[in-house]
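Encoded as structure tokens, the structure appears first; notes follow it.
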Amino acid sequence: MDASALQPEQWARYLRPVLARRRIVIGIVLAALLAVAVATLLAPKTYTTSAKLLVGGQTGDEAAGRDPQTELPVLNSLLELSNKQSAETYAELLQEEPVARQVIANLNLPTTPKALLAAVSVKPVTNTSIMRLSVSARSAEQSAAIANEFAHVFVTNERKLVAGQADEALTYLQVQLPAAERRMHDAQSRLAKYEAASGLPDVGGQTQSLLTQQAALDSKISQVETEGKQAAAQLASIDARLASLPEHVLSASSSGPNPALAQLQTQRAQLEVQLNTARREYTEQHPTVQTLEDQLREVETEIAAQPKTVVSGENTTTNPVRDQLVQQAAGYEATVKAAAAQIADLRAQRVALAPTLKSLPSQTNRIADLRRSAKSAEDVYNELQRKNEEALVSKTTALSDVSVIEPATAESAVKRPRLGLNLAIALIVGLVLGCTVAYALDFFDGTLKDEYEVTEYLGLPVLANVPTFVPPAGPAGAVVTGLAGYERLPTLAHAHTAGASSLDPMQRVCVESFFHLVTALRYSTDKPLRSLCVTSALAGEGKSTIALNAAVALAELQPRVLLVDGDMRRPTIHSGLRVGKGRGLSDVLAGTARFEDVIQRSPHPSLDVVTSGSPTPNPLKLLQSERFGQMLEEAAKTYATVIVDGPALNFVLDGAIIAEKTDATMLVVSSGTTDVRQSRKALDRLATVGVDSVLGIVVNRANLDFLGKNPYYSSYDDEESAAVVAAHDA
């Protein structure tokens, strides 16, 4: 049902259980707020700061449009792989223990890597290449320092990975450069000495061409051999690193309820049922009971040790670092093979040139050899020097595929627990819990509490709501309560003699409720109401109180009202009116007294009373006799209305017989006491004897506190009271 389509009365129906138990709801809400406030104030405070990191050098769309090309092969492969890896992969790499150990060492933290990682949270931002690195600590400054150091260490590690190729090249070149320089100087020195000793002029053009060709081949062979050895050295280094790296890393994981915990909870429920059954059959010392208690304690211990959730699924991806190294190894292996093939080809060319060189004069040939050696040594040295400079530049300008875009600051720290947020959550939880308790109590509480529930569950109109009455103070300041105070009922007669100012607002509401009742009775039927039975489902619901007060109020509005105490098993009317019990209804029905002889005057004008009379062993037999109907007909000739106080319906059948012989019936229910099922049972009993003239329900002890603020009652002074009394007297 659409909430906007609910009518006000429907809202009132749904909210009635909560409003009826508003004290319980308010108590639960206040308890929740107090508990959360105390827990929040006593809990140790933590501060959380966050740093943002960007992973990858370009977005997916950009990567799809062009290939990443830089001067560094490693960086090219790294950028290409970063477009294929998810942010979850980098989040997993960031939370590795080596990173935590480096942070602890840099900041001198008194903790362990596992403890530090427990305070670190790395969460990828959805649909972006951004990671949020959050750290919780006891101070905002420490939290920001740890977060920034984590980011710095991770970025540095990624940069070292990119610079690894340059480091390996420098290691090889720093060993080869001095030896190449010595060879170059030695070759140049030998050439100079031989030229000075021989005194030969410059060789001819053709000879010079052959010598230059041979020198070029020797230089190229040396250069290719150098590149092959360098590639082989780097390949060996990468193979050693690959042996220590895992092939796959975790990219994402999902958690779910622990199935073992659910199984243990089911086992605990079964043991509790078995234990409750055993306790009903045996004592606490019985072996069966003790065995079940031991088993239950073991299961509860296992439940406490089980985690609520477990990892239900993991998504893994290839290790990006290993992928990079594998690609590098493949490149170096290809370089080694290409160098070997090129060297073989160059040496074949050198062998083919050898016969031509042998035909040259020996001195010319010697000079050519020396010049060739000097040129080859110089070319090797120059190539090694160039590669060394390139490696230095590569190491210095190495880039990382992870960068910090927003460092953590102490000013942006979030303090936890947050009192305001926790109180807001506690308010919501308290309201939900309070409303749940209210609806649960309403579900299990089958009593009728107000006129809405009476109308809904019993299908009868409510004639009046009568609040709990506190009589005015008696002599010497004593408060008159119970049936002994009925002669002091705050009716208009009492207001006329004592003054309305002696009544508080709630007592005035009580007075008006009885006038409302008798007015409702007069207009609830088309024909004159000559006789009325007042009854209830159970004893103690206030039917005698309602019958007596209704009779007093009706006597105020019309003359000649007779009140008959029809409850011959538990009579109370004579006590309420302070009249003698003497002879009454039972005597008339037994034929030992005449009707006019048992009528007594009450302390209230225009109201006469017939008590229950002498005790009788079988009231039901007397009520079923024709004399009871004849007595009502005789009373109707003298009195305008006869009100009969009948017994409770669900205990004896007396009340149903009285209701069958009177013109109409009025059922009394007590708010918060009368059970719905008992009330329906009472109505069914009336229907069994053919009573279909139930006019309605009177809700006794109704909660009408809000009427005490009614200005028509709170400003009801003596002058207004006298005017009202005079109007009724007229």
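Any read-out appearing in this document is the output of simple, stated calculations on the displayed coordinates, not a laboratory observation. All of these numbers come straight from a predicted model, not from anything done at the bench. Glycine gets a Cβ as well: all are built from the backbone with ideal geometry, and neighbour counts include every protein chain shown.
Kirkwood analysis of the range 259-304, using all unique Cα-Cα pairs, places the hydrodynamic radius at 10.8 Å. Here the peptides 338-351, 138-151 are ranked by packing, the mean other Cβ count within 10 Å, and the order with the highest first is 138-151, 338-351. Fully extending the segment from A105 to D294, taken as 0.36 nm per residue of separation minus the present Cα-Cα distance, adds 63.1 nm.
Arranged from fewest to most other beta-carbon atoms within 10 Å of their beta carbon, C435, C510, C533 become C435, C510, C533. Highest-first packing order for the peptide set 675-684, 602-611, 229-238, 535-544 is 535-544, 602-611, 229-238, 675-684, based on the mean count of other beta carbon atoms within 10 Å. Peptide packing: for 655-665, 119-129, 626-636, the average count of neighbouring Cβ atoms within 10 Å per residue gives the ranking 655-665, 626-636, 119-129, highest mean first. Taking Cβ atoms as reference points and 13 Å as the exclusive limit, the residues near T40 contribute a net charge of +4, counting Lys and Arg as +1 and Asp and Glu as -1. Going from the fewest other Cβ atoms within 10 Å to the most, the residues R601, R101, R372 appear in the order R601, R101, R372.
A dipole drawn for the range 409-452 from +1 and -1 charges on Cβ atoms has a positive end, and of A438, G420, T409 the residue lying farthest that way is T409. For the pair K581 and D675, a Förster radius of 45 Å applied to the C-beta separation gives a FRET efficiency near 0.90, rounded to the nearest 0.05. Computed over the range 578-637, the range of Cα coordinates on each principal axis works out to 33, 26, 16 Å, biggest value leading. The spread of Cα positions in the range 603-685, taken along each principal axis and listed from longest to shortest, comes to 39, 31, 24 Å.
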